[in-house]
Amino acid sequence: MAKQSALITGTSTGIGRATAELLAGNGYRVLATMRSPDKGRNLADAAKAKGWDLQVLPLDVRDEASVQAAVRQAGEIDILINNAGFEVWGPLEEMSVADLQDQFETNVYGPFRLMTSVLPGMRKRGRGIIVNVSSLAGRVAAPLNGLYSASKYALEALSESLHYEVGHFGIRVHLVEPGGVETPFAQNRRVVGAATGDKSSPYAEMVTQWEASAERLNPGGERAQPEAVAAVILEAIEKGDRLRYPVGQDANLVLNVRKQMTDEQFESAMRAQLGLTW
Ligand SMILES: NC(=O)c1ccc[n+]([C@@H]2O[C@H](COP(=O)([O-])OP(=O)(O)OC[C@H]3O[C@@H](n4cnc5c(N)ncnc54)[C@H](OP(=O)(O)O)[C@@H]3O)[C@@H](O)[C@H]2O)c1
């Protein structure tokens, strides 16, 4: 069988980079896309040294022309991995519509642009796999991440609908839902209002309390490594028999508890676990 080709967005760091390396090491033809290809020089060098079939391509998911150019350059795409994403973080009252649009532009419109661009080819070939990197935040919303969570809930809904629509054509859709992962994600988030450390904000105390309590979700202090998420993405590609793949002890713990409880029971349990009195 011919080599499967996988286009991955956001491969400059973190989960995207780990996934590009894992797939290339496992014999896939990898289109490792990133908005600043300069950041991919060491990935291209590593690929050369290891004899991987990996090409770095420019792709900014917010730019329609850039998406079209990358998809054209990539040729046949068997697997699409929508990984690029970021977080706008802060209290909702202190956010603007522009913040909401900014969040959705990358985390929702970006994956949508890519999915609609690759689907015609996948449908004609009667096969294809789409893996969307969502989050625990796509299943459970928390204080301060309302915009991010809304974007991942939207990605979950798009993926769930698409999964019903295209399974008939031989195309699989999967959602990978990590909890906290050891990547530059937190440093890369854009903070707003009280989250910037503005002590005059009415939400300042909540930010302090939430930051202190969030660590309690990972009692051993261990966060998943990006390689663990990449391994689950590979599992979804190779064995994919379900829509959703949570990753990490925090994601599994919270989702299991969530399944067994009413909204009110879940809120009390989480408040008790996190020591959240706000
Ligand atoms: N880390 C976590 O705790 C965690 C948990 C759950 C889900 N996730 C999800 O996992 C995915 C990857 O995040 P990560 O943890 O690996 O974080 P990361 O290290 O910050 O990586 C994010 C990647 O997205 C890229 N990106 C951002 N905006 C882009 C755009 N407009 N076009 C193309 N690429 C863009 C970044 O590129 P630049 O280098 O150019 O900025 C970077 O390569 C995201 O969708 C995130 O929501 C992360």
*Relative counts (whole %) of C-alpha pair distances in the range 97-186, using bins that are 10 Å wide*: 16, 45, 28, 10, 0
*Can you list which of the trypsin sites (Lys or Arg not before Pro) found in the range 95-203 are DSSP loop residues with at most 12 other C-beta atoms within 10 Å?*
199
*Cα→Cβ-extended label distance, 7 Å offset, between residue 160 and residue 235, nm*: 2.2 nm
*Just how large is the dipole of the chain about the Cα centre, in debye to the nearest 20, putting +1 at every Lys and Arg Cβ and -1 at every Asp and Glu Cβ?*
1040 debye
*Distance in nm between label sites at residue 69 and residue 208, each 7 Å beyond Cα in the beta-carbon direction?*
4.9 nm
*Could you tell me which trypsin sites (Lys or Arg not before Pro) in the range 23-79 are loop residues by DSSP with no more than 15 other beta carbons within 10 angstrom of their beta carbon?*
62
*Report the one residue of 61, 188, 261 whose Cα lies farthest in the direction of the positive end of the charge dipole of the chain (charges on C-beta: Lys and Arg +1, Asp and Glu -1; origin at the Cα centre).*
61
*How big is the charge dipole of the range 6-145 about its Cα centre, in debye rounded to the nearest 20, if each Lys and Arg gets +1 on its Cβ and each Asp and Glu gets -1 on its Cβ?*
800 debye
_Relative exposure of 38, 53, judged by other C-beta atoms within 10 Å (fewest first)_ = 38, 53
*Extreme residue, positive dipole direction of the chain, given options 10, 84, 22 (C-beta unit charges)*: 22
*Before anything else, pin down the relative contact order of the chain: Cα pairs under 8 Å, at least 6 apart, normalised by residue count, whole percent.*
19 percent
*Calculate how steeply helix 110-125 sits against the longest principal axis of the alpha-carbon atoms of the chain, using the helix alpha-carbon long axis, and give the answer as 0 to 90 degrees to the nearest 10.*
30 degrees
_Approximate shape of the range 18-72 as ellipsoid semi-axes (Cα gyration tensor, √5λ), whole Å, largest first_ = 21, 12, 8
_Counting each pair of different Cα atoms once, what's the Kirkwood radius of the range 116-249 in Å, rounded to one decimal?_
16.8 Å
*Counting only residues 5 or more places away or on other chains, whose amide H sits under 5 Å from the amide H of residue 174 once H atoms are built in the peptide plane?*
130, 131, 132
*Selection of GluC sites (Glu not before Pro), the range 1-103, meeting DSSP coil and at most 15 other Cβ within 10 Å*: 76
*Based on other C-beta atoms within 10 Å, arrange 174, 168 from fewest to most.*
168, 174
*asked:* Against the 2.2 N^0.38 Å scaling, with N counting residues, where does the chain land? I'd like the Cα-based Rg ratio to two decimal places.
replied: 1.02
*asked:* With just the Cα atoms defining each centre, how far is the range 1-41 from the range 119-191? Give it in Å.
replied: 18 Å
*Between residue 92 and residue 116, what FRET efficiency comes out of the Förster formula 1/(1 + (r/R0)^6) with R0 = 30 Å and r the beta carbon distance, rounded to 0.05?*
0.55
*Please label the shape of the range 1-98 as rounded, prolate or oblate, based on the square roots a ≥ b ≥ c of the eigenvalues of the alpha-carbon gyration tensor (a/c under 1.5 means rounded; beyond that, a/b larger than b/c means prolate, else oblate).*
prolate
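Coordinate-derived values only; no laboratory data. Please read all numbers here as calculations on a predicted model, not as lab measurements. Using ideal geometry, Cβ is built from the backbone for each residue, glycine included, and neighbour counts are taken over all protein chains shown.
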